[in-house]
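**Student:** Right, I'll just put the structure down here and ask away after.
Here, each number is a calculation from the coordinates, and none is a lab measurement. Owing to the predicted nature of the structure, the values given are computational and were not obtained by experimental measurement. Note that we place each Cβ from the backbone using ideal geometry, even for glycine, and neighbour counts take in every protein chain shown.
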């Protein structure tokens, strides 16, 4: 893909999904490799799906596992699922003997001075510099049990370090996600943050005081009306381009969202129907391409008015969120000597989670699909 003489780093791209997941890792790890596998500690039953399969396929390779733990605060509703967290941790300890952990705080301060710092902690404390990566040929981040605000900043930090210190693409960098829409629908977000901000590493000039118009491209998901309203009021966009999933497993999924959000989008936010965009439900690189090309075209068309900035928000699956992450990173950090385009990422965090039926969740685990998004390394050698 080339837009306005810009060539994009993830074109072509490499993505692997079920049922090729296990075969891919058996083939890739046949030769001796040193692997750093990063995942989050949580109650989600998908937490260990990938590491279990990769550990069985590792052959002559060795795996060091880094577990990210969270200080959520005493009032988080997630604490009621402590038994499930303990079960997942015990399972992980049997799978990954070379296990270390790092703890990051999600909050700082109390009362009115309480503020969310998880994004900054993820960027600064999980992988502090390139020395944390230098011993490894393979770096894997499994986001299946990581919050969006954490994995955006973590992946952005790793990409930045590899761009700076691994220009020859000697290290392979992968992102893994266990996708399961039925599980996602049963994990309800409890409460919404009052104070929003741009994620660490993804300010994109929107965190500065400028007068240029703002284009907002939200990726929509079900039952997110309060989140969408909160982000809209914070960003205060001049133009709005909602993104819906199509094609999708349920062909009417996007149509249902249009019906559910009709009043919000067309009467309250005054969205122009021609501004609605569609992306493949299971291809983050489709999101990446559409976002990049749309933002570049907006910037070109608005040059006569001065400039424009873009904001991206994902209210959808982790898989589609990766596409938003890649687009924002690409335009903020172009490899070639081309102009940076300011793209900010706003994440509307919840203050905890509620699960309809934890036993039902565990029963659905084996229906999950594992995806590998290969971001750096061998396929991208010049």
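**Student:** Only Cα pairs under 8 Å and at least 6 apart count here; give the relative contact order of region 194-348 as a rounded whole percent.
**Tutor:** Taking the mean separation of contacting Cα pairs over the length of region 194-348, I get 37 percent.
**Student:** Rounded to the nearest 5, what % of DSSP beta bridges with both residues in the chain are antiparallel?
**Tutor:** The antiparallel proportion sits near 35 percent.
**Student:** Output the Kirkwood hydrodynamic radius of region 194-348, Cα pairs only, in Å rounded to one decimal. Intermediate values should be presented prior to the final figure.
**Tutor:** Values: mean 1/r = 0.0641 Å⁻¹.
Here the Kirkwood hydrodynamic radius works out to 15.6 Å.
**Student:** Using the Cα atoms of region 89-163, I'd like the radius of gyration and the largest Cα-Cα distance, Dmax, both in angstrom.
**Tutor:** Considering region 89-163 through its Cα atoms, Rg and Dmax are 14.3, 45 Å.
**Student:** Which length gain, in nm to one decimal place, applies between residue 105 and residue 18 when the Cα-Cα distance is subtracted from 0.36 nm times their residue separation?
**Tutor:** Length gained between residue 105 and residue 18: 27.9 nm.
**Student:** Work out, step by step, the length gained on full extension between residue 223 and residue 169: first 0.36 nm times the residue separation, then minus their alpha carbon distance; give nm to one decimal.
**Tutor:** 15.4 nm
**Student:** Once label points are set 7 Å from the Cα along Cα→Cβ at both residue 267 and residue 194, what is their separation, rounded to one decimal in nm?
**Tutor:** For the pair residue 267/residue 194, the computed spacing is 3.0 nm.
**Student:** Based on the mean of other Cβ atoms within 10 Å per residue, sort peptides 134-145, 273-284 so the most packed one is first.
**Tutor:** 134-145, 273-284
**Student:** Hey, for a label at residue 31 modelled as a point 7 Å past Cα toward Cβ, could you say which residues of region 131-174 have their backbone N under 19 Å away?
**Tutor:** 134-140, 166-174
**Student:** Given Cα pairs under 8 Å that are at least 6 residues apart, what percent is the relative contact order of the chain?
**Tutor:** Numbers: 707 pairs, mean separation 90.4, N = 382.
Once normalised by length, the contact order is 24 percent.
**Student:** Using mean Cβ contacts within 10 Å as the protection proxy, how do 108-115, 260-267 order, highest first?
**Tutor:** The packing order, highest mean first, is 260-267, 108-115.
**Student:** Extension gain residue 233-residue 249, at 0.36 nm per residue separation less the Cα-Cα distance, in nm?
**Tutor:** Here the answer is 2.6 nm.
**Student:** Could you check the spin-label model distance between residue 59 and residue 184? Points 7 Å from the Cα along Cα→Cβ, value in nm.
**Tutor:** Going from the residue 59 label point to the residue 184 one covers 3.3 nm.
**Student:** P(r) of region 171-278 in 5 Å steps, Cα pairs, percent per bin?
**Tutor:** Over region 171-278, the share of Cα pairs per 5 Å bin runs 2, 9, 17, 20, 19, 17, 11, 4, 1, 0 percent.
**Student:** What does the convex hull of the Cα atoms come to per residue for region 33-176, in Å³?
**Tutor:** 103 Å³
**Student:** Suppose each label sits 7 Å from its Cα in the direction of the beta carbon; what would the residue 366-residue 381 distance come out to in nanometres?
**Tutor:** With each label placed 7 Å out from Cα toward Cβ, I get 4.0 nm.
**Student:** Where the centre of each part is set by its Cα atoms, how far does region 1-66 sit from region 250-290, in angstrom?
**Tutor:** 30 Å
**Student:** I would also like to ask the following. Please report the relative contact order for region 183-273, taking Cα pairs under 8 Å with a sequence separation of at least 6, and give it as a percent rounded to a whole number.
**Tutor:** In percent, rounded to a whole number, it is 25.
**Student:** Mean residue ellipticity at 222 nm from the helices of the chain, using -39,500 (n - 2.57) per DSSP H segment of n ≥ 4 over the full residue count, to the nearest 500 deg cm²/dmol? List each step's numbers first, then the result.
**Tutor:** On the way: 11 runs with 116 residues, N = 382.
Here the helix-only value at 222 nm equals -9000 deg cm²/dmol.
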